[in-house]
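Please treat every number below as a calculation from the coordinates, not as lab data. Everything numeric here is computed off the predicted structure, so don't read it as measured data. Reconstructed Cβ throughout: ideal geometry from the backbone, glycine too, with neighbour counts over all protein chains shown.
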Amino acid sequence: MEETEILVEHVSMEFKRVKNEASSLKEAILRKIRREYTCQVQKALDDVSFQIHKGEVAGLIGTNGSGKSTMLKIISGVLTPTRGRVEVDKSKVQLLTLGTGFDGELTGRENVYLNGALIGYSRDFLDRNYGKIIEFAQLEDFMEEKVKNYSSGMVSRLGFAIATAGDTPEILILDEVLSVGDLFFRKKSEKRIQEMIHSGSTVIIVSHSTNVIRQNCTKVIWIEKGILKAVGEPEAVCRAYEENGK
């Protein structure tokens, strides 16, 4: 019997946001005094259930705003669902989202240490692996430049190199990371991701590219507008998703 690594049961997530937000501080204070604020509930996920077995590579697809990022944050422990539950050992989870944790006013070198610390690397680990990170990112001549002067491709390359420098975690979540940089770097990054995937980890891949999902995943979860549409074999679910978008 296959061991369940991630169990999602009847998960719903709602966010409250203020309707007709005040245009000034004075108006905001007056509305608060008069209790004129009204809240609108936005449902990001609606009764979603699925499970991922140990060692599976699961693809998560859906159009923009469908709740994919919210689901990833719930699985990784960043958010607590409004209803339902998730069973997963959060200490095993690494969420890889490129470009988060960078400070544009700091240099590339400084951001390696900042971003690496946020991921959980020690100073000693970063000292020992600094050269490998920069070589992989192909940014040897730019590390004393402020990151705000980098192109988006350079930021993505540096973020990817930092995030994948350590040992592969037991549960790896990849949020749109297989489309970074130019064609040469994409092939290099895909090779590294393949090595991580085939190390025995349980993996969730979020991608807008159904080709990436088909090539890498053993099962696919399709969430659309917060509702679970399908869970199943990659070719069948990807085809249904593509036909739905026509």
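Calculate how many DSSP beta bridges within the chain are antiparallel, expressed in % of all such bridges and rounded to the nearest 5.
Numbers: 22 of 40 bridges.
Approximately 55 percent, going by the DSSP bridge assignments.
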Simple Cβ-charge dipole of the chain, Lys/Arg +1 and Asp/Glu -1, about Cα centre, in debye nearest 20: 1020 debye
Charge dipole (debye, nearest 20) of segment 140-237; +1 at Cβ of Lys and Arg, -1 at Cβ of Asp and Glu: 260 debye
Length released on extending from Q215 to K187, taking residue separation times 0.36 nm less the Cα-Cα span: 8.8 nm
Unit charges at the beta carbon, dipole of segment 113-246: most positive-side option, V231, G131, G159: V231
The chain, helix-only ellipticity at 222 nm - DSSP H runs n ≥ 4, -39,500 (n - 2.57), divided by all residues, nearest 500: -11000 deg cm²/dmol
Of L30, L60, L114, the one that fluctuates the most in a GNM where the chain has Cα springs shorter than 10 Å: L30
Label-point gap, in nm, between K146 and D103 - each point 7 angstrom along Cα→Cβ: 1.3 nm
Charge dipole (debye, nearest 20) of segment 97-154; +1 at Cβ of Lys and Arg, -1 at Cβ of Asp and Glu: 180 debye
Cα gyration tensor shape of segment 97-153, rounded if a/c is under 1.5, else prolate or oblate by comparing a/b with b/c: oblate
Interatomic Cα distance distribution for the chain, bins of 5 angstrom, percent: 1, 6, 12, 15, 15, 14, 13, 10, 8, 4, 2, 1, 0
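Can you give the local net charge around E3? Use residues other than it whose beta-carbon is closer than 11 angstrom to its beta-carbon, Lys and Arg +1, Asp and Glu -1.
Spelling it out: positives minus negatives among the neighbours equals -2.
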Segment N244-E110, extension gain: residue separation times 0.36 nm, minus the distance between their alpha carbons: 43.7 nm
